[in-house]
Structure formats: C-alpha cells, structure tokens
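First the structure, in the form of structure tokens, and then the observations on it.
The values are calculated or read from the model by the stated rules, or taken from the named source; none is laboratory data. This one's a predicted model, so the numbers in the text were calculated from it and none came from an experiment. Cβ atoms come from the backbone with ideal geometry, glycine included; neighbour counts cover every protein chain shown.
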Amino acid sequence: MKVLKFGGTSVANAINIKKVASIVFKDQPEKLIVVVSAFSGVTDLLLKASSFASTGDYQYKEIHQGIEKAHLYCIKELVALQKQSAVLSEIKQLCNELEELLDGIYKLQELSPKTRDKVVSFGELMSSRIIAAYFSDLSAEAAWVDSRELIKTDSKFGYANVLKSFTDENIALYFKAAKARVFVAPGFIASNSNGNTTTLGRGGSDYTAAIFASALKVKSLEIWTDVSGMMTADPRVVTNAKPIAYLTYKEAMELSHFGAKVIYPPTIQPVMDLEIPTAIKNTFKPEDAGTLLLSDYSNGSDRIKGISSINKVAILTLEGSGMVGIPGFSKLLFEALANDHINVILITQSSSEHSITVAINEHDSLRAKVAIDSVFDNYIEKGIIYPVEIESDMAIIAVVGDKMKSMPGTSGLMFSTLGKNGINIRAIAQGSSERNISAVISNADIKKAVNVLHEVFFEASKKQLNIFVSGVGNVGKKLLQQISRQKQYLADKHNVQLNVIGVANSRKMLVKPIGILENDFEKELGEYGHTSDVEKFTDEIIALNLRNSVFIDCTAHAEVARTYAKLIKKSVSVVACNKIAASAGYWEYLELKHLSNIYNAPFLFETNVGAALPIIGTLNDLIKTGDVVNKIQAVLSGTLNFVFNNYDGTKPFSEVVRQAQAEGFTEPDPRLDLGGTDVMRKILILAREAGYALNMEDIDNNGFLPASCFDGSVEDFYKEMSIQEAHFKAIYDKAAANGCKLKFVATFDNGKANVGLQEIPENHDLYNLFGKDNIVLFYTNRYPEQPLVIKGAGAGADVTASGVFADMMRVASH
Ligand code: ADP
Ligand code: ASP
Ligand code: MG
C-alpha cells in the first residue's frame, strides 16, 4: 500500500487533475490512498471570506460565488457528461452549506476558531469530492473517504493535535474492511471527539498523508507538488536552487521547520519513526527524480544540504545582572511564554548568563513582552533586570546538514560570508545535534543572505558581481562594451558572472534586477528609464540589497561622489574614475578609506591617475611592503602632453585643444586639464596614497593659462585661447630656442607638491614622452637614485574603461 499526496497547485484545475490521474493510475496495482489539498488558493479565499463576513463586509458573497463557479466549472471539464449530475449536486449542496455558514457569521459578526475551521474545511471537502468522482469515472475501484471520521484530534482549532493511537486504530480498522483500491481523502481536516471539524495547520495536507502512511505502515509516501523536490533553497528566492537528491528525515525536519514550505514540518515525525521512505516529486515533471527522505544517508559528502529562512520574526532580549547564577531563571521565562501559548523558534544565552535572547513570531511580540515583564516585575523594579527589549522586522536563516559536525569550518564560512556582505547578525544558535546553524538577521537582508550563502555552499564555482554604472558617456559606454565582449570568458575561465543591473546618465536611469543587456543599454534606458536622480539611483541600489554589488562612477560630478559613503556603509563597493572623492578634503578621503575597511567594501580609483596604468596599485604595493616614497616626479596629463606634443605654432593652440577634446582625452571642461587642476588632483592623490596628509591648498600651481581664459563657458574659453594665440606661441618658441620640450610636470618632494609647465632638456627622463603618454617616477628608499618608472598611455576612453574594468575585477576577487 502507498500514500500519495497532491498539493494545491497539482489539483488547481481540470488540466492538472488529469495529470494527477495519469500518475495515480500508471501501472500501480496496489492499494493507494490519494490525499488531496484544496484547489490552489481556495483556503486563502475561504479565510478571507470568513473574515469579511465577520466584519460585516458583503464581499464574502463575491468570494463565495467565485469559489462555487470554479468548482462547478472544473466538474464540467473533468467528468463525463452523463455522470456529472451526482457530483454537481453534491458540490452545489456543499456550496449552499458554506453560504449558510458565511451568512451566519455575517449576521452574528462573530468568528470563532471553531467556525473558521468549519469554513476552511470546505476547500478540501470539495476538491476531494470532485477528484473522487472523476477517479470513479476512470475506474470502478475508486472511492471517497472522509478523513474527518478517521483522524481524531483535540479541540485546538486551527492547529489541532492528533490523538495518535486512537487515530491509528481507526484508520487500520477502516482500511482493513474497505473494498476499493484507490481511496481519495481530503487533506488538512479532521474532527474532535464531539465530531466538530478541526484542521491540522496551514499546509496540513502533507501531515494527513503522513498520518495515513504511518497508521497503515505503508511501503512509501509520495508528496507530489509543483517543484522537483526539496531544493537547496527556496526557488522563489534563489534562482540557482537545485533539488536535493537525498535527505535524512532529520535534515528535512530542520529545513522545513526553518521555512522550506515544500513540506509541512509535523509530517516528518510519523514517517521517521517507522522509517517509511518518503519522496517529494513534481506533478508537472514526474520523470524528475525528486527528493528521497531516508533515515540515514551516509554516502553523500555535502556538509550542507540546504538553506532555509523564516521572516516575520521578533527577538526578545532579557538582560540584567540579576540573572547571573540564579537557577530557574530561564524556567520562569519559558513558562511565561508557554502559558501564553507563544512558540519559541530559537534561543541563545550569552555565556556570561547576563542576557538571554529568544526568537518568536512577530505577531506574538507584544503579548510576550507583557507576559515576561509581569513575571519579572519584582526584579525590574529593583533594577537588576531591564524590561524586555523587542526587535521586530527580523528573520532567521538556517543552514542544515548532518555532515557539518564532522567537517569543521561551516559556521566560520557562514558568518564570514554574511559579514563580508555587510549582513549584521543579531543572534546565533547551533543545535546540539550540529545539524543546523541559525542566525537572526534583519528582514531586509534575507534575500541577500540566502543568496550569498547559497553561492558559497552550492555554487562556489561562480561568483555573481552586480554592477551599477553611473555615467554612460565616453568611458562608461566603452566599459559596457568591454563587459559585453569579456563576459563569457570571465564566466568560463574565472568563474565570475557579471550582471549589469543599473545604468544612469545625466538624463535617465534604469535599475533592472534581471539584468540589462550591455550592448542594448541605450535602447533600454530610452524605453524604460526614469528621470535621473543621483540620490534615487543609489537608494534603489541599496534597497535591492544584492550581494557583491559594485557602483561604478564614470562621471565627473561632485554629487555622485557624495553618495560613496552611503553606498559603502551598505557594503556596496565603489570603483571611481571620478577623481572628486579621492581629491576632496583630506578627512573626507580618509573617511571613505576607513569606511571601506570597516564595511569590507573596496573603494578603488586606479584610473584617477594615468588611466589604466598600474600607478596607484604599484604605489600601494610599495607602501604595504614597507617602502617609503621620498619624491614623485610625473607628467600626468594626457591632454597637456598631447597638446604640447602637437603644438608647434603651425596650427592654432585652441585647435589642438579641440582635437584633444574630440579624441576624448580631456575632462568635460578642458580648463580642468589646461589650468592644472586635474594634475593637482592627481599628484595630491599620489601623495595621499603614499601616506602624506596633503590638501589641494598645499599644492603650488604655476599655470600657463592667462587669467582671462577662466571666465565664461567652455566655448568662451576656446574663443579666448584664439585671442591669446601669441601668448602660447611665445611659450613654445622660448622652449624650442633652448632645445627643450614643454611638459606640464607635477612634483612631490619633501612633503611639498607643485605643478607647472617646465622646459625639459633632451637628456631628461621626461623628455621622450609621446602622444598622450603619462610617466611617473617614484624615488623611494628602495629606488633612491634610479627611480621606479611607470610609463604609457595615460588618457583615452578605451584605456580608462579598461582600468575601471580591472578595478571591478579586483572587487570580484576581494
Ligand atoms: P503544495 O501546494 O503542493 O503543498 P506548497 O506551496 O505548500 O505546495 O509547497 C511548494 C512550494 O514551496 C514550492 O512551490 C516553493 O515555492 C516553496 N519552497 C520553499 N522552500 C522550498 C525548498 N527549499 N524547496 C522546494 N520548495 C520550496
Ligand atoms: N489547503 C490547506 C492550506 O492551504 C492545506 C494544504 O494545502 O496543505 O493550508
Ligand atoms: Mg504544502
């Protein structure tokens, strides 16, 4: 004999019920009990209707009509025309009874738990009646059986306790005498000793099936549902969740207790006691293996089998010196909760015995506080215990696996992973069986937490990097092109999955959790983007709370730089080619570095100096390994280098500048380059990264632009440069006459920095510098006379984008 249970989705409509029949009648000559749930969603609707009726809201009528219509329609689709009338009148009669009951509730405006159980029982009563009629139509051996008469419970309506031995006997006697082969029984419902209908708790049809299975000591129990087994995590939360082939009963119990809804927790005990093999299978993919629950599965090597979570949790903390060493303290606490029927989900006590924390359902929290505070009234008055503290909006995440006890490091990996992702842990509990480690975290972090843990325990092979790009002009656009080209390679060879989730330019922004196509971002931004708002963009990133998030700033805006601290505090890494933050006030720069350390979110800006050249990285390595930088000499402006390498008086100076801008070397306002500010920022950043507390005011700027060039717009600037052509020509001629080239040089020496145009003679290190190249000379304790030299292209959208890309990959391997 076997018991098969089909859940709400499996019996949602005629098409699905036909699938159920094909499973039930597929070459199974043995006796079967088929336990069914209400049609999908009907239990919720019945609860809603009863609550409407009890508050005098007439909407219950509409719900009732909808339920009736759906069931009658299903009969017409399922049962042969000539056999329909009996079942139609049966269901019609049930619907009338239900209506009378709801009318009664409406009149009295009162809804007792007993009446509520009666109302919800109609879901399973109707579904099972219809399925039994359909099965009888298919086979003469089918019959309906009333679970209420066989399963006996106490009178705890809504969550009744089964009177086990009485029920077992009842069931055994009934099936011994019964003649049919396929019995269809309603799940979820039972009755008390007075014959009143009771229910076994939401999701209780699984339990009904287990009760039949254990009473009859059947060969196997099959739970047929809408997923292919118990999965490594809730598939609605983790897209990469996969079915678990084998689980011990105890593992399944832990997972379901902590939220794996696919099986109702009380279901497992009866089948575990008798070691009845239990399978979880998919009605819509019967060929899939599903999950098998066994008493011992020692062949597997996975230390973790699954991750589950529950939300709507509150934690209560009782704290105070009065608790230390007083025996019976916890007894009082738990008695107070038990007397008020408050279920405790998790308990932790600090080893100092100074505080005890329990997790309970959020909706019980006020009752719990009142109950506990009144028990400890005396102590609270004396000030040796504080009134109970409640924290709501919490959730519990649990990793489960029998094998973790023999494999050290599981909790280390769990907590370091949560920590790295900025997820704060409020309380921790590990069952003494070492089968489960649970942590209490904020509700807002739950999705992220389940996903990061799933990633490390089950998908270690592929790390997801979630990318948000602000500024998709020159550099940002190139970056997206590079990501698109490189994505597959990185996934295949480096196990990093790049997901571009958000893009923003100065006009529009778009955040799309399923990902934006890098090559099509302009179209998507145009069609689905909203008006840009820097604050809103970052708020959306924070609200999404995705793991391994990285914010890329390819703008030159101060308001974007101002969002970094907020992002880093939420563990979002920041990669900037925008120099404003790193060259802002010294304390602001230092604070970002500090936050980045505390929140474990890299803040990287290699492209701030010399585009993709490894300048800041090299400098960091020198400092980390104990070197001291004494002097830096550098040509750091690709723009100025390009301009002075191309200007010899034949073409006007302003035109050479325009060409540099057209090639994408300059800042949006080229005066930042020509006026020296950009170079000042760069030498400032280098000095800071070398460990010196410098500010912009500490840098001398010996600029060469006439003051008149700084007035007005960028276009005015071009005009003014034409007017000043003689000035530029004179500077050039003087250097040429001395056999020198003009270089805009930044120097840091002896704690002081300056920038300015210099005439560089032929034998100088800085002389042979072509096109838009940059060069940096580091004079350090290890490189005292011959400096460490880094030289190469220091500007251009493509190289800068590649430098940003490299920083992003540094975040990925962080
Ligand atoms: P039924 O109506 O068949 O009893 P349920 O809705 O009660 O089905 O349970 C199945 C659902 O449980 C799945 O559709 C899935 O969304 C959810 N679920 C949550 N956690 C898990 C998990 N770890 N494995 C499988 N399913 C899960
Ligand atoms: N129909 C009930 C519920 O929705 C029982 C079940 O489906 O298991 O909770
Ligand atoms: Mg269920």
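Key figures for this structure:
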| read-out | value |
| --- | --- |
| Yes/no for Leu366 being of a type in the set (A, V, I, L, M), outside any helix (DSSP H, G or I) and either within 16 Å of ligand 2 (Cβ to nearest atom) or out of contact with any Gly (no Cβ under 8 Å at 6 or more places or on another chain) (or both) | no |
| Residue, surrounded by the most Cβ atoms within 10 Å (Cβ to Cβ), within segment 188-206, restricted to residues that are within 16 Å of ligand 1 (Cβ to nearest atom) and of a type outside the set (A, V, I, L, M, F, W, C) | Ser205 |
| Residues located in segment 734-757, provided they are surrounded by fewer than 13 Cβ atoms within 10 Å (Cβ to Cβ) and more than 59 Å from the chain's Cα centre (by Cα) | Lys734, Ala737, Asn738, Gly739 |
| Spans of helices (runs of 4 or more DSSP H) in segment 150-264 with at least 3 residues within 16 Å of ligand 2 (Cβ to nearest atom), within 24 Å of Asn436 (Cβ to Cβ) and not basic (Lys, Arg) | 205-215 |
| Subset of segment 286-322 [under 30 Å from Ala215 (Cβ atoms), more than 27 Å from the chain's Cα centre (by Cα) and among the charged types (D, E, K, R)] | Asp288, Asp296 |
| Restricting segment 1-15 to residues that are more than 11 Å from ligand 1 (Cβ to nearest atom) and surrounded by fewer than 23 Cβ atoms within 10 Å (Cβ to Cβ), the residue that is farthest from Tyr73 (Cα to Cα) | Met1 |
| Within segment 124-149, considering residues that are free of Cβ contacts under 8 Å to residues at least 60 places away in the same chain and in a loop (DSSP other than H, G, I, E, B), the one nearest to Lys76 (Cα to Cα) | Ala140 |
| Segment 9-19 - residue that is in contact (Cβ under 8 Å) with a residue 60 or more places away in the chain and within 14 Å of ligand 3 (Cβ to nearest atom) and, of those, farthest from Ala172 (Cα to Cα) | Thr9 |
| Test result for Gln84, more than 16 Å from ligand 2 (Cβ to nearest atom) and surrounded by fewer than 16 Cβ atoms within 10 Å (Cβ to Cβ) | no |
| Tally, over segment 523-556, of residues that are touching a residue at least 60 places away in the same chain (Cβ under 8 Å) and not in a helix (DSSP H, G or I) | 12 |
| Selection from segment 250-264 of residues that are within 11 Å of ligand 1 (Cβ to nearest atom) and either over 21 Å from Leu274 (Cβ atoms) or surrounded by fewer than 22 Cβ atoms within 10 Å (Cβ to Cβ) (or both) | Phe258, Gly259, Ala260, Lys261, Val262 |
| Answer residue from segment 388-404, given it is assigned to a strand (DSSP E or B) and among the small types (Gly, Ala, Ser) and is surrounded by the most Cβ atoms within 10 Å (Cβ to Cβ) among those | Ala398 |
| Helices (runs of 4 or more DSSP H) contained entirely in segment 644-698, each with at least 3 residues that are among the polar types (S, T, N, Q) | 653-662 |
| Residue under evaluation Ile23, criteria (1) more than 16 Å from ligand 2 (Cβ to nearest atom); (2) of a type in the set (A, V, I, L, M); (3) touching a helix residue (DSSP H, G or I) at 6+ places or on another chain (Cβ under 9 Å), criterion not met | (3) |
| Every residue from segment 336-354 that is of a type in the set (Ser, Thr, Tyr), without any contact (Cβ under 8 Å) to a residue 40 or more places away in the chain and closer than 23 Å to Phe258 by Cβ | Ser350 |
| Given (1) within 28 Å of Asn424 (Cα to Cα); (2) polar (S, T, N, Q); (3) out of contact with any strand residue (DSSP E or B) (no Cβ under 7 Å at 6 or more places or on another chain); (4) modelled with pLDDT of 95 or more, number of the condition Ser596 does not satisfy | (3) |
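Each row is one residue, and each column tells you yes or no for (1) more than 30 Å from Ala556 (Cβ to Cβ); (2) surrounded by fewer than 22 Cβ atoms within 10 Å (Cβ to Cβ); (3) over 16 Å from the mean Cα position of the chain (by Cα); (4) without any contact (Cβ under 8 Å) to a residue 40 or more places away in the chain.
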{"residue": "Ile425", "(1), (2), (3), (4)": "yes, yes, no, yes"}
{"residue": "Gly431", "(1), (2), (3), (4)": "yes, yes, yes, no"}
{"residue": "Ile437", "(1), (2), (3), (4)": "yes, yes, yes, yes"}
{"residue": "Ser442", "(1), (2), (3), (4)": "yes, yes, no, no"}
{"residue": "Ala449", "(1), (2), (3), (4)": "yes, no, no, no"}
{"residue": "Glu455", "(1), (2), (3), (4)": "yes, yes, no, no"}
{"residue": "Ser470", "(1), (2), (3), (4)": "no, no, yes, no"}
{"residue": "Gly476", "(1), (2), (3), (4)": "no, no, yes, no"}
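Here is a yes/no grid of residues against (1) part of a helix (DSSP H, G or I); (2) in contact with a helix residue (DSSP H, G or I) (Cβ under 7 Å, 6 or more places away or on another chain); (3) more than 15 Å from ligand 2 (Cβ to nearest atom):
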position	(1), (2), (3)
Lys5	no, yes, no
Pro29	no, no, yes
Ile33	no, yes, yes
Leu45	yes, yes, no
Tyr60	yes, yes, yes
